Amino acid sequence: MQALGRHLLVDLYGCNRERLDDPDYITAELQAAAQAAGTRVLGAAFHRFSPGGITGVLIVQESHLAVHTWPERGYAALDLFTCGHQTDPWVAYQRLRCAFGATQDNVVEVSRGLGADE
């Protein structure tokens, strides 16, 4: 049985705090990660909180990539879900881990749609 998609739930620790609170940087890096993973971006929404932190999502043809940041803690949560066999969420993960300067991480991969009828 083959999965319809792969969903990575990622915790990044020890991140660069300035980068986690820069909406332009986060937007550019999330878009670059989506492109590197082989996805096609259809839309985006980002919000910067006061006093800090960003939530953003890219809607991609193959599903979505989302980020939530807590700059005061050097922490980011990523939700990287891609469908099909032409995309790779692990490529997006590697790029974002490096871009945010994470020193530690925790990643859980969930295979989506394993029980879906063919």
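The values are calculated or read from the model by the stated rules, or taken from the named source; none is laboratory data. Here the structure is a predicted model, which is why all the values come from computation and not from measurement. Every residue, glycine as well, gets a Cβ built from its backbone with ideal geometry; the counts of neighbours run over all protein chains shown.
Do we have any residue at all in the stretch 9-21 that's more than 30 Å from LEU114 (Cβ to Cβ), in contact with an Asp or Glu (Cβ under 6 Å, 6 or more places away or on another chain) and modelled with pLDDT of 95 or more? Looking through the stretch 9-21, none of the residues is more than 30 Å from LEU114 (Cβ to Cβ), in contact with an Asp or Glu (Cβ under 6 Å, 6 or more places away or on another chain) and modelled with pLDDT of 95 or more. Cβ-Cβ distances below 7 Å connect the following pairs, each with a first residue in the stretch 93-118 that is within 21 Å of TYR25 (Cβ to Cβ), a second residue that is among the basic types (Lys, Arg) and at pLDDT 90 or above, and a separation of six or more residues or different chains: PHE100/ARG19; GLY101/ARG19; ASP105/ARG97. Within the stretch 73-83, being closer than 13 Å to HIS7 by Cβ and either of a type in the set (Phe, Trp, Tyr) or outside any strand (DSSP E or B) (or both) holds for one residue alone: PHE81.
Step by step: first the residues of the stretch 104-118, then only those that are in contact with a Leu (Cβ under 7 Å, 6 or more places away or on another chain) and in a loop (DSSP other than H, G, I, E, B), then the one that is farthest from GLY74 (Cα to Cα). Which residue is that? Checking each candidate, the answer is ALA116.
Residue-by-condition table, conditions (1) over 13 Å from the mean Cα position of the chain (by Cα); (2) within 19 Å of LEU4 (Cβ to Cβ):
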{"site": "THR27", "(1), (2)": "no, no"}
{"site": "LEU30", "(1), (2)": "no, no"}
{"site": "THR39", "(1), (2)": "no, yes"}
{"site": "ALA44", "(1), (2)": "no, no"}
{"site": "HIS47", "(1), (2)": "yes, no"}
{"site": "GLY52", "(1), (2)": "yes, no"}
{"site": "VAL57", "(1), (2)": "no, no"}
{"site": "VAL60", "(1), (2)": "no, yes"}
{"site": "SER63", "(1), (2)": "no, yes"}
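When residues in the stretch 78-101 are screened for being surrounded by 16 or more Cβ atoms within 10 Å (Cβ to Cβ) and touching an Asp or Glu at 6+ places or on another chain (Cβ under 9 Å), 12 of them pass. Considering only residues in the stretch 66-92 that are among the hydroxyl-bearing types (Ser, Thr, Tyr) and in contact (Cβ under 8 Å) with a residue 60 or more places away in the chain, the one that is farthest from ARG40 (Cα to Cα) turns out to be TYR75.
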